[in-house]
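Comments concern the structure below.
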Amino acid sequence: DDQQLEVEYESFLKKAHELKPKDVGISEYLAQFYFYKQKPAEAIKVYEKILESNSKHVGALFWLGYLYDESGRRKEAIDTWNKGLAIDESYAPILNSLAYIYALSGENLNQAKKMAEKALVKEPENGAYLDTLGWIYFKKGKLEKAKEYLEKAIANIRDPEIFEHLGDLYVKRSEERRVGKECRSRWSPYH
């Protein structure tokens, strides 16, 4: 029974964590278990505990920021990710996450572009990172560049959010062509 196995696994991880609270590996397994069980508050507590022991654990800072963001605590997420980048300025998951947050809000787009490009240097075929850069270009109004990156992203990962971004792009491009055509059709040298 899968449910019974999950209960036993959680119990095992909790006991191991209690016995060896400074064992980061065990703590990470427990935090990821909570993440996959959609228990963000529990996962956050474990990552915060990991960081009490090792404040420079960049992986824990990434996941803690991610969980903060998913829990509606965006400012804390950004602060946490910035702490991670202060330790390792080339940590691709954090670079991409911050870039994507900025792209969604339309803020710091030049900085976001640099971050996304830096993440892609590390993982050039990562569909999520390609999507982020494509979405940044979309927000900057550079629709051809956005199309290039969003189509590369969807070729690497079939994600509903990337399909949504592509749909938004195609609608925007269609609107621009239609508006441009209407303007040309109304224009006359005799007016």
Exercise for review: Ignoring everything but the protein chains, give the 1.4 Å probe accessible area of HIS17 in square angstrom, nearest 10.
Suggested key: 30
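Order these peptides, 40-48, 72-80, 8-16, by their mean beta-carbon neighbour count within 10 angstrom, highest first. Let's see the in-between values first.
Details: 40-48: 19.2, 72-80: 15.6, 8-16: 13.9.
Going by the mean number of other Cβ atoms within 10 Å, highest first, we get 40-48, 72-80, 8-16.
Determine the alpha carbon to alpha carbon distance for each of LYS22/LYS45; LYS45/LYS122; LYS114/LYS142 and list only those over 23 Å. Intermediate results must be reported in sequence, preceding the final value.
Numbers: LYS22/LYS45 14 Å; LYS45/LYS122 30 Å; LYS114/LYS142 15 Å.
Distance filter (> 23 Å) returns LYS45/LYS122.
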Point to revise | Principal axis box of segment 62-167, alpha-carbon based, largest edge first, Å | key: 34, 27, 25
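Determine the per residue accessible area of segment 1-78 with all protein chains present and a 1.4 angstrom probe, expressed in square angstrom. Present the calculation step by step, with values, prior to reporting the outcome.
On the way: 5010 Å² over 78 residues.
Accessible area per residue: 64 Å².
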Review point. Using the alpha-carbon atoms, what tilt in degrees (0 to 90, nearest 10) does helix 127-139 show relative to the longest principal axis of the chain?
Key: 40
Review point. For the charge dipole of the chain, defined by +1 on Lys and Arg C-beta atoms and -1 on Asp and Glu C-beta atoms about the Cα centroid, which residue among GLN32, TRP63, ALA146 has the Cα displaced farthest towards the positive pole?
Key: ALA146
**Study point:** Nearby lysines by direct alpha-carbon distance to LYS39 (threshold 19 angstrom, same-chain neighbours under 8 apart not counted)
**Key:** LYS14, LYS15, LYS49
Practice item. With a ≥ b ≥ c taken as the square roots of the eigenvalues of the C-alpha gyration tensor of segment 1-57, please select rounded if a/c is under 1.5 and otherwise prolate if a/b is larger than b/c or oblate if it is not? Key: oblate
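Cα-Cα pairs above 30 Å in the chain: how many percent? Let's see the in-between values first.
Working: 6550 of 18145 pairs.
Tail fraction, whole percent: 36.
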Review point. Can you pull the accessible area of ILE157 for me, 1.4 Å probe, Å² to the nearest 10?
Key: 60
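At a 1.4 Å probe, what is the % contribution of carbon and sulfur to the accessible area of the chain? Display every interim value, and only then the final one.
On the way: 5980 of 11630 Å².
Reported share for carbon and sulfur atoms: 51 percent.
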Point to revise | Computed [θ] at 222 nm, deg cm²/dmol, the chain (DSSP H ≥ 4; -39,500 (n - 2.57); rounded to nearest 500) | key: -26500 deg cm²/dmol
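Hey, got the dipole for the chain? About the Cα centre, +1 on K and R Cβ, -1 on D and E Cβ, debye to the nearest 20? It would help to have the intermediate numbers written out before the result.
On the way: 31 positive and 32 negative charges, 224 e Å.
Dipole of the chain, to the nearest 20 debye: 1080 debye.
The values are calculated or read from the model by the stated rules, or taken from the named source; none is laboratory data. Bear in mind that the values here come from a model prediction, so they are computed numbers and not experimental data. Cβ atoms come from the backbone with ideal geometry, glycine included; neighbour counts cover every protein chain shown. These accessible areas exclude ligands, DNA and RNA; they are computed on the full protein's heavy atoms, side chains included. Shrake-Rupley method; radii C 1.70, N 1.55, O 1.52, S 1.80 Å.
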